[in-house]
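These notes are about the structure you will find just below.
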Amino acid sequence: MNSIENKSIQQLENDYWPPISKGESSSYLIKTCHELRSKKIGTFEIEDLRIMIGQGIGMEYLVPKAVKELSQNILAEGDFYEGDLLKSLLTSDIAYWKANKGQWQEVCEIFEANKKILEEDDTTNEIRNGWFMSFEKFRQLQL
């Protein structure tokens, strides 16, 4: 594993969030994001990527990993449905994509190369339409 894979987001960013106090009421999402910031990137699962990218946390380190996953399986699945990682990536932080045109281009190419798989996947129309509508908005970011 390379040096990024062996480190956590908090190590790479040199930004250590204070622990959630025991009496503090926090949502599942907040607790999970806190935990994932200290997890080695090399051990991230699809669901971990989906959550953190969806929250715009550690994008610099996690997007390349997510793009690699999608290049191998456009329907990479976290805990919700096939293709939920794709949807998370397509609807993530706009500023990140505007600053990272090469990665944006790569995601566009992966989507276009896998359009037939997405069109023919046995999923709901709502999920399928979500991928395609999100991609149309995503594609517009760099035009």
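Among the listed residues Ile57, Ile110, Ile53, identify the single one that is surrounded by fewer than 21 Cβ atoms within 10 Å (Cβ to Cβ) and in a helix (DSSP H, G or I).
None of the others qualify; the one that does is Ile110.
Identify the residue in the stretch 26-45 that is among the polar types (S, T, N, Q) and not in a loop (DSSP other than H, G, I, E, B) and, among all such residues, is farthest from Leu62 (Cα to Cα).
Only one residue fits best here, namely Thr32.
Criterion first (within 23 Å of Asn100 (Cα to Cα), touching a residue at least 12 places away in the same chain (Cβ under 8 Å) and assigned to a loop (DSSP other than H, G, I, E, B)) does Ala66 satisfy it?
When the stated conditions are applied, Ala66 does not pass them.
What about Lys116, is it surrounded by fewer than 18 Cβ atoms within 10 Å (Cβ to Cβ) and either free of Cβ contacts under 8 Å to residues at least 40 places away in the same chain or out of contact with any strand residue (DSSP E or B) (no Cβ under 9 Å at 6 or more places or on another chain) (or both)?
For Lys116, the condition - surrounded by fewer than 18 Cβ atoms within 10 Å (Cβ to Cβ) and either free of Cβ contacts under 8 Å to residues at least 40 places away in the same chain or out of contact with any strand residue (DSSP E or B) (no Cβ under 9 Å at 6 or more places or on another chain) (or both) - is met.
Any idea which of Ile9, Ile41 is surrounded by 15 or more Cβ atoms within 10 Å (Cβ to Cβ) and over 16 Å from Glu69 (Cβ atoms)?
Ile9
Any residue in the stretch 127-142 that's modelled with pLDDT under 95: show its pairings with residues that are open to solvent by less than 50 Å² (accessible area, probe 1.4 Å) at Cβ separation under 7 Å, as long as the two are six or more apart or on different chains.
So the pair list comes out as Leu141/Trp97; Leu141/Trp104; Gln142/Trp104.
Would you mind finding the one in Tyr28, Tyr96 that is in contact with a helix residue (DSSP H, G or I) (Cβ under 6 Å, 6 or more places away or on another chain) and surrounded by fewer than 18 Cβ atoms within 10 Å (Cβ to Cβ)?
After ruling out the rest, the residue left standing is Tyr96.
Quick test of your reading of the structure: Ile74 fulfils all but one of (1) of a type outside the set (S, T, N, Q); (2) in a loop (DSSP other than H, G, I, E, B); (3) open to solvent by 50 Å² or more (accessible area, probe 1.4 Å). Name the failing condition by number.
Answer for Ile74: the failing condition is (3).
The values are calculated or read from the model by the stated rules, or taken from the named source; none is laboratory data. All values reported here derive from a predicted model rather than from experimental measurement. Neighbour counts are summed over all protein chains in view; Cβ atoms, including those assigned to glycine, are modelled from backbone coordinates with ideal geometry. Surface accessibility is based on the protein's heavy atoms, side chains included, excluding ligands, DNA and RNA. Shrake-Rupley method; radii C 1.70, N 1.55, O 1.52, S 1.80 Å.
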